[in-house]
C-alpha cells in the first residue's frame, strides 16, 4: 500500500511518547478515514433528524441517508434484499439477537449447538445461555495443532441432532481463515442453520452471503473503518420473517392496541426505537471507501504484511507465534509471546516506543486454555500499515527483550 492511503487517516499523523505512531491494533478497532469523519460531520451539520416518521425535508434527507446505507451494505455482502439487512449495535448484539430471536423459538431440550474453541466470547456466551435455558447440548469443534479447522472433525461433531452451527470467519487471535462455506454445507446437510461471526472477516476480504449460503452473518462497523456503535445482522428473509423481535417499542410496530400489537415488515421489526442513524451514515461512507480501495487489494496487502511480520519476528529468540504458518491461511495479524515476559509488559514497552498492540486474552479465554497460555500479545494490520511499521515492531520487541533480560 502506498502512503496515499495512510494520508486518509488523520489520527496516524501524530507522535506517541515522542515516537511516530505505529498503530497495530486494527483487530480491536480500525482507524477512520477522513471520508467517514466528514460524512458524520455533514449528517450532523445538515441532515440531522429522526427517520421514517417525519414528512419534513430534514426527516426525508435523514431517511434517505439511513436507507441508502442499508442498500450499500446489501451490495457489499451481496444480500438478496435490503429486508435481510438489520442495523444493530455491533456483532455482539447481532449474535445475541440470533440466540434470543431464533434460538428461543427453535431450540428444545436435547438439541445440539456447535461452536469452536477459537470463538470470541460474543460467540460463546449467548449459546451457553441458550443451552442452559433450553436444556440443549453445547459442543465444540476441536482445532488442528496449527489452529485450523479440519472438515473431517466438523463432520464428526455435527450430527442430525445439531440445530445451530456458529463459527467465526476469521480468528481474532490465531488469524485463521475458516472454511465457513464448507462448514455451512455440513450444517445444512444435517438440518442445522449456519451462523457466521464476520467481525474479523468482512473488513478484510470479499464476502458474498449467497455464495457462502450462511443463514446469518454478524459484523461490526468499527472494525471496517466505520464508527463505533453500528453493526449488521444479515439473515435469510424466510428465517427472519418467522422470528419474533427481541426489542419492542417505537419504530418497529405496525399497530398497537391495548392488549395486542403487530410488527412492521422486515427489516424494521428488528430495529426498535430511534435507530443508529449517524452510525449507518458513517458505515455507508466506510463501505464506499473500502470499495474504492478494493477488498482484493486489502486482502493481498494483509497477506503480505502477515508473511513479512512472521519472517521478521521469527528472527527473535524466545518468541512464539501462534496460528497457521501459511500466510494464505491467516489474515493480517500475528499473535505472539516472548519467553518469560508477560504480554502486558511487552505491550507497555512497545507503547513507550509509540507502537500500539493488544495484550490479554482477547475475549477468547477457552482458546487461551487450548493454547496453554494465560495471555498473548497481538499485532494486527490493515491497509494503512507498511513493512516499516513491522520493522518498528521488531525493533521494539528486541528492546523489550533486552530490558527484561537485564531486569531479571
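Restricting attention to the stretch 54-80, which residues are in contact (Cβ under 8 Å) with a residue 12 or more places away in the chain and over 18 Å from residue 233 (Cβ atoms)?
61, 62, 63, 65, 68
Which one is surrounded by the most Cβ atoms within 10 Å (Cβ to Cβ), of the residues in the stretch 229-239 that are more than 17 Å from residue 288 (Cα to Cα) and touching a helix residue (DSSP H, G or I) at 6+ places or on another chain (Cβ under 8 Å)?
To start, the set of residues in the stretch 229-239 that are more than 17 Å from residue 288 (Cα to Cα) comprises 229, 233-239.
Cutting the leftovers down to touching a helix residue (DSSP H, G or I) at 6+ places or on another chain (Cβ under 8 Å) gives us 229, 233-237, 239.
Details: 229: 16, 233: 26, 234: 26, 235: 30, 236: 19, 237: 14, 239: 16.
Within the stretch 229-239, the match that is surrounded by the most Cβ atoms within 10 Å (Cβ to Cβ) is 235.
Which count do you get for residues in the stretch 174-197 that are more than 15 Å from residue 141 (Cβ to Cβ), over 16 Å from the mean Cα position of the chain (by Cα) and buried (at least 23 other Cβ atoms within 10 Å of the Cβ)?
Selection size over the stretch 174-197: 0.
For the stretch 183-242, what are the residues that are farther than 24 Å from residue 264 by Cβ and without any contact (Cβ under 8 Å) to a residue 24 or more places away in the chain?
The answer is 189, and nothing else.
If I ask for residues that are over 18 Å from the mean Cα position of the chain (by Cα) and in a helix (DSSP H, G or I), which ones from the stretch 304-342 would you list?
304, 305, 306, 307, 308, 309, 310, 311, 312, 313, 327, 328
Please enumerate the residues belonging to the stretch 51-68 that are at pLDDT 95 or above, farther than 17 Å from residue 283 by Cα and in contact with a helix residue (DSSP H, G or I) (Cβ under 7 Å, 6 or more places away or on another chain).
Within the stretch 51-68, 58 is the sole residue that qualifies.
Of all residues in the stretch 267-306, which are within 30 Å of residue 240 (Cβ to Cβ) and either touching a strand residue (DSSP E or B) at 6+ places or on another chain (Cβ under 7 Å) or without any contact (Cβ under 8 Å) to a residue 24 or more places away in the chain (or both)?
267, 269, 270, 271, 275, 276, 280
Within the stretch 8-46, count every residue that is under 25 Å from residue 69 (Cα atoms), surrounded by fewer than 17 Cβ atoms within 10 Å (Cβ to Cβ) and more than 22 Å from the chain's Cα centre (by Cα).
Total meeting the criteria: 7.
Would you pick out the residues in the stretch 142-158 that are outside any helix (DSSP H, G or I) and either surrounded by 14 or more Cβ atoms within 10 Å (Cβ to Cβ) or at pLDDT below 95 (or both)? Reasoning before the result, please.
Filtering the stretch 142-158 down to residues outside any helix (DSSP H, G or I) leaves 142-150, 158.
Once the filter is applied, which keeps residues that are outside any helix (DSSP H, G or I) and either surrounded by 14 or more Cβ atoms within 10 Å (Cβ to Cβ) or at pLDDT below 95 (or both), the stretch 142-158 yields 143, 146, 147, 148, 149, 158.
Yes or no: the stretch 81-102 includes at least one residue that is part of a loop (DSSP other than H, G, I, E, B), free of Cβ contacts under 8 Å to residues at least 40 places away in the same chain and crowded, with 16+ Cβ neighbours inside 10 Å. Please lay out each step first, then the result.
Looking only at the stretch 81-102, we keep the residues that are part of a loop (DSSP other than H, G, I, E, B), and these are 81, 89-90.
Retained after the next criterion (residues that are free of Cβ contacts under 8 Å to residues at least 40 places away in the same chain): none.
Checking the stretch 81-102: not a single residue is part of a loop (DSSP other than H, G, I, E, B), free of Cβ contacts under 8 Å to residues at least 40 places away in the same chain and crowded, with 16+ Cβ neighbours inside 10 Å.
So that you can scan it fast, the table gives a plain yes or no per residue for (1) in contact with a strand residue (DSSP E or B) (Cβ under 8 Å, 6 or more places away or on another chain); (2) more than 21 Å from residue 212 (Cα to Cα); (3) in the same structural domain as residue 192 (by TED's automatic domain parsing):
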| position | (1), (2), (3) |
| --- | --- |
| 61 | no, yes, yes |
| 68 | no, yes, yes |
| 80 | no, no, yes |
| 87 | yes, no, yes |
| 91 | yes, no, yes |
| 120 | yes, no, yes |
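Results for (1) assigned to a loop (DSSP other than H, G, I, E, B); (2) over 22 Å from the mean Cα position of the chain (by Cα); (3) more than 23 Å from residue 117 (Cα to Cα), shown as yes or no for each residue.
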{"site": "345", "(1), (2), (3)": "no, yes, yes"}
{"site": "351", "(1), (2), (3)": "no, yes, yes"}
{"site": "362", "(1), (2), (3)": "yes, no, no"}
{"site": "374", "(1), (2), (3)": "yes, yes, no"}
{"site": "377", "(1), (2), (3)": "no, no, no"}
{"site": "392", "(1), (2), (3)": "no, yes, yes"}
{"site": "399", "(1), (2), (3)": "no, yes, yes"}
{"site": "403", "(1), (2), (3)": "no, yes, yes"}
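The values are calculated or read from the model by the stated rules, or taken from the named source; none is laboratory data. Note that the structure is predicted; figures quoted are calculated from it, not measured. Cβ sites come from the backbone with ideal geometry, for glycine too, and all protein chains shown count toward neighbours.
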